[in-house]
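The values are calculated or read from the model by the stated rules, or taken from the named source; none is laboratory data. Quick caveat, the model's predicted, so the values are computed rather than measured. Every residue, glycine among them, receives a Cβ derived from its backbone with ideal geometry; neighbour counts consider all protein chains shown. The protein model used for the area step is the full one, side chains on, heavy atoms only, and it has no ligands, DNA or RNA in it. Shrake-Rupley method; radii C 1.70, N 1.55, O 1.52, S 1.80 Å.
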Amino acid sequence: MNLLVTGGAGFIGSNFVRMVLRDHPDCRIVNLDKLTYAGNLENLAGYMENPNHMFVRGDICDADLISQLMDEYGINVMINFAAESHVDRSLVDPGVFIDTNVTGTLTLLKVALERKIDRFLQVSTDEVYGSLGPDGFFTEQSPIQPNSPYSASKAAADHLVHAFGHSWGLKVNITRCSNNYGEYQFPEKMIPLMIHNAMHDKELPVYGDGLYIRDWLYVYDHCTAIWQVLTKGRIGEVYNIGGNNEKTNLEVVGLILEHLGKPSTLIRHVKDRPGHDRRYAIDSGKTMQELGWSPSVTFEEGIARTIDWYRSNTEWLNHIVSGAYQQYYESMYRDR
Ligand code: NAD
Ligand code: TYD
């Protein structure tokens with residue numbers, strides 16, 4: 001398989017690239033990433049020289065570049081991880097979310113259609129389904145009701161992917177996963193942000209009452225599910241991928257504090273996110289039954305591994321938090 005992976009220097013994409021290079025030596029990967037603030041070549045340390053991996057810095061909105069890579073490397077499968085991925089940023093500057101998440105996906109789809117590739121896999125999110133009350137789960141049949149500019153842009157992309165399959169027979173799949181956590185996640189997202197702050201005895205900014213619920217999926221389990229969809233998924237189908245680990249934000253923060261031996265007095269309730277989705281929960285039954293996949297890591301194991309990883313990779317973390325991150329943190333949290 002000759003794969004074009006986009007966004008492979010980000011959190012999930014780099015975990016996927018490392019997994020494939022390690023476990024599937026028959027695959028060749030072209031990794032196209034713009035290296036925005038979220039892209040980091042240190043996520044690929046040890047894999048840059050791998051002969052099955054070619055890293056290219058570039059934009060998924062650049063049709064000429066994508067066409068050239070397709071031809072040069074005989075690409076027959078595309079996986080689109082590239083995105084602007086943070087809800088809070090989308091509430092400040094939604095335009096770039098439309099550029100990358102919508103126009104970028106459209107650009108990839110057009111080239112994929114011209115080349116009649118074997119499969120196009122769009123990595124999407126459960127956030128396209130909107131928010132749940134205290135009961136029930138998102139299934140693949142749930143209505144698409146995004147609430148944030150981020151999820152609206154991801155939903156638009158999903159509709160385009162479906163339309164290319166439906167109208168012209170492009171061989172597509174969409175995966176919709178819950179909140180990922182694990183090694184190499186950029187510390188704007190809740191779990192690494194709280195780990196980093198707690199490690200440095202800084203306040204932990206919990207939005208609102210902290211009783212918002214997310215279903216946490218260990219990133220490696222997400223990657224194995226994507227692999228199953230890529231190799232066994234029925235063309236045209238959507239697959240939900242969840243971790244079966246529903247937790248309130250306060251529960252997650254409590255576990256982080258406990259694991260690091262820090263006091264709960266570090267918790268500070270801050271002004272809520274506008275339009276904050278109350279609860280996400282995923283029914284992964286279809287993916288489990290059809291593709292024989294199941295998550296392998298409990299939340300307690302996964303969070304312990306993740307915290308240990310951040311504790312032993314302080315150089316990786318320091319390179320991030322010493323740069324533009326400080327301004328970001330100031331601007332997002334100063335007046336909260
Ligand atoms: P991330 O922000 O860590 O990484 C995104 C990567 O995309 C970065 O390397 C960035 O440089 C690259 N990128 C951004 N714009 C680009 C462009 N125009 N052209 C090329 N590359 C570009 O994101 P992530 O958490 O790894 O998420 C990956 C995918 O999974 C996204 O599509 C996201 O919507 C989806 N997703 C993430 C989560 C989660 O919990 N992190 C949950 C559900 C779905
Ligand atoms: P986040 O990691 O941004 O993912 P998403 O919004 O895509 O689910 O946030 C996870 C949850 O944590 C969400 O309910 C918002 C909350 N949160 C905080 O309470 N404080 C924070 O500083 C951040 C970044 C998130």
Considering only segment 77-94, state which residues are more than 11 Å from ligand 1 (Cβ to nearest atom) and open to solvent by 40 Å² or more (accessible area, probe 1.4 Å). 91, 92, 93, 94
In segment 256-275, the residues that are more than 11 Å from ligand 2 (Cβ to nearest atom) and either within 27 Å of the chain's Cα centre (by Cα) or assigned to a loop (DSSP other than H, G, I, E, B) (or both): 256, 257, 258, 259, 260, 261, 262, 263, 274
For segment 126-148, the count of residues that are farther than 13 Å from residue 276 by Cβ, out of contact with any strand residue (DSSP E or B) (no Cβ under 6 Å at 6 or more places or on another chain), within 13 Å of ligand 2 (Cβ to nearest atom) and open to solvent by less than 40 Å² (accessible area, probe 1.4 Å) equals 1
Please list, ordered by first then second residue, the pairs with beta carbon atoms under 7 Å, 6 or more apart or interchain, first in segment 284-311 and free of Cβ contacts under 8 Å to residues at least 24 places away in the same chain, second of a type in the set (Ser, Thr, Tyr). 288/294
Among the residues of segment 89-114 satisfying the criterion of being under 17 Å from the mean Cα position of the chain (by Cα) and within 15 Å of ligand 2 (Cβ to nearest atom), which is nearest to residue 156 (Cα to Cα)? 101
Restricting to segment 14-30, what's the tally of residues that are aliphatic (A, V, I, L, M) and surrounded by fewer than 18 Cβ atoms within 10 Å (Cβ to Cβ)? 1
Return yes when residue 175 is within 12 Å of ligand 1 (Cβ to nearest atom), of a type outside the set (Gly, Ala, Ser) and part of a helix (DSSP H, G or I) and no when it is not. no
